[in-house]
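The values are calculated or read from the model by the stated rules, or taken from the named source; none is laboratory data. Only a predicted model underlies this, so the values are computations on that prediction, with no experimental measurement involved. Ideal geometry is used to build each Cβ from the backbone, glycine not excepted, and the neighbour counts take in all protein chains shown.
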Amino acid sequence: MLRVWHPVTGSEVPNDAVVVVGLTDADATVTINGRLVPVDRDGRFQAETFLSPGRNIIRVVAIGANGNQASSELTVTSLALPPQPAVLLVTEPVNQSVTQEASVRLAGRTTPGAVVMVNGVQISVDPLLGIFETRVNLEPGPNVISIVSAIRDDRRLRKEIAVIHRPAAQ
């Protein structure tokens, strides 16, 4: 015996995983896409199953202690976006620029969800668009501004922008 209640075949899910829930004989062994999952003493099972973006087939197999086998194949569509490329674009200031101002606007874009550090200080990043901006104080003479974008999967991108501050003569 094998009954799978969740997910319903043909369903769409917003994430990259789904919980498969079902019932079988208490002495059965259950696999989901080849991975062994625990069955409780009443024959219930539940397990998280990871999905790729788009259409996925989930195969649930139960093998009873007597060797009888039952299986169920479900089709589920994941609406999660595929992994995005890592991006770090600095639009301001221009590298090797010269200014009389004591600070400059630093602006750019990175991978949504990334953490951005400017000269070792975390700054705010728009979580959906990855847009960031801040002001950076300058010392007279050459200044190197270090920008690091850290993405959840341990990718790090780094840029350095050089700006020369030449205070106005008084």
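A few points about this structure:
- Among the candidates L74, L23, L51, L106, the residue that is in the same structural domain as V136 (by TED's automatic domain parsing) and in contact with a strand residue (DSSP E or B) (Cβ under 6 Å, 6 or more places away or on another chain) is uniquely L106.
- Screening N56 with (1) modelled with pLDDT under 95; (2) closer than 30 Å to T111 by Cα gives one miss only, at (1).
- Residue in the stretch 32-41 that is surrounded by 12 or more Cβ atoms within 10 Å (Cβ to Cβ), outside the structural domain of R109 (by TED's automatic domain parsing) and closer than 12 Å to V4 by Cα present: yes
- Qualifying positions in the stretch 1-44 - in a strand (DSSP E or B), touching a Lys or Arg at 6+ places or on another chain (Cβ under 7 Å) and over 18 Å from I57 (Cβ atoms): L23
- V98 being surrounded by 13 or more Cβ atoms within 10 Å (Cβ to Cβ) and either among the small types (G, A, S) or within 30 Å of N143 (Cα to Cα) (or both): no
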